[in-house]
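What follows is a set of notes on a single structure, which appears directly below.
The values are calculated or read from the model by the stated rules, or taken from the named source; none is laboratory data. Note that the coordinates shown come from a computational prediction; the quantities given were computed from them, not determined experimentally. A quick note on method: Cβ atoms are made from the backbone with ideal geometry, for glycine too, and the neighbour counts reach across all protein chains shown. We work out accessible area using only protein heavy atoms, side chains counted, and drop any ligands, DNA or RNA first. Shrake-Rupley method; radii C 1.70, N 1.55, O 1.52, S 1.80 Å.
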Amino acid sequence: MPIIELKVSGQEDPTLAQELATEISRITKEVLKKKPEVTVLTVSFAPDHLWFVNSVSLAELKTKSFHLNIKISDSTNLKIDKADYIQAVHKSLTSLLGSIHPVSYTAIQEMKADAYGYEGLTIEYKYINNQKKSDSIPAQAV
């Protein structure tokens, strides 16, 4: 389960949003090894004239920017995985959006497994329940 919120500068574009969702989902699966079937991603747009870096709008700077915020389970990825993810997101979004302002952020928030979940169950409960199920499966004779 990752929950991903991607905000990009520019006018709303459903076709671009789909491309971004597809690419971010792919990177999340490949780099962080997250299951696509429980990955949720929202894409929103902010006009360039309403996005500021050091009090100057992106419209004036004639560039694009993004902010990606992803929530993942605590301690499920190594530091190198997270560094690789941030680099892959930046490279991919630069390719899709064009000129990207250096102050474009990817934030990885690690959530405690007992503090969030889906289907009304915490991630910790799901993990413990799955462990119990695997422990109760009889070993097959060799």
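For segment 63-113, give me each residue that is free of Cβ contacts under 8 Å to residues at least 24 places away in the same chain and over 15 Å from the mean Cα position of the chain (by Cα).
The answer is L78, K79, I80, T94, S95, P102.
Name the residues in segment 95-137 that are modelled with pLDDT under 80, open to solvent by less than 100 Å² (accessible area, probe 1.4 Å) and either in a loop (DSSP other than H, G, I, E, B) or under 15 Å from K71 (Cα atoms) (or both), would you?
Selection gives S136 alone.
In the list S44, S75, which residue meets the criterion of being outside any strand (DSSP E or B), of a type in the set (S, T, N, Q) and surrounded by fewer than 17 Cβ atoms within 10 Å (Cβ to Cβ)?
Checking each option against the conditions leaves just S75.
Taking the options K82, K29, K91, name whichever one is part of a helix (DSSP H, G or I) and exposed (fewer than 13 other Cβ atoms within 10 Å of the Cβ).
Just a single option satisfies the conditions, and that option is K91.
Restricting attention to segment 45-68, does a residue exist that is touching a helix residue (DSSP H, G or I) at 6+ places or on another chain (Cβ under 8 Å) and closer than 16 Å to P2 by Cα?
Checked segment 45-68: at least one residue is touching a helix residue (DSSP H, G or I) at 6+ places or on another chain (Cβ under 8 Å) and closer than 16 Å to P2 by Cα.
Just need a number here: residues in segment 51-68 that are in contact with an Asp or Glu (Cβ under 8 Å, 6 or more places away or on another chain) and either closer than 19 Å to K33 by Cβ or part of a helix (DSSP H, G or I) (or both).
3
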